[in-house]
Amino acid sequence: VAAMLEHGLPVICVPCPWQPKNFDNLMLTAGIMSYKKGNLESIFKERFDPPVMNSLPAITHQFIGTLLNSV
């Protein structure tokens, strides 16, 4: 995922129907779209603007910050 975002590619994830413990407000990173039954066409029609700060260090920093803030 980090490599795809690094190269400005959108990512479609297919989430499982579960909620991890102690993570009430999970948010998707810019550029990651969540597939739900019936929304595939709208995902492909959605305009994708790569994040301005789409470097691997920036994504890593954001990921670690999310983990630390969720504890």
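The values are calculated or read from the model by the stated rules, or taken from the named source; none is laboratory data. Source: prediction; values computed, not measured. Note that we place each Cβ from the backbone using ideal geometry, even for glycine, and neighbour counts take in every protein chain shown.
Scanning for something touching a helix residue (DSSP H, G or I) at 6+ places or on another chain (Cβ under 8 Å) and among the charged types (D, E, K, R), does the stretch 5-27 turn up at least one residue?
yes
Which one of I12, I64 is at pLDDT 85 or above and not in a helix (DSSP H, G or I)? Don't jump to the end; show me each part of the working.
On the way: I64 fails: not in a helix (DSSP H, G or I).
That would be I12, the only listed residue that is at pLDDT 85 or above and not in a helix (DSSP H, G or I).
Any idea which residue in the stretch 10-46 is surrounded by the most Cβ atoms within 10 Å (Cβ to Cβ), counting only those that are within 15 Å of the chain's Cα centre (by Cα) and over 18 Å from F63 (Cα atoms)?
This residue is I43.
Restricting to the stretch 34-61, and then to whatever is under 15 Å from P10 (Cβ atoms) and among the basic types (K, R), can you tell me which residue is modelled with the highest pLDDT?
Restricting to residues being under 15 Å from P10 (Cβ atoms) and among the basic types (K, R), the top hit is K45.
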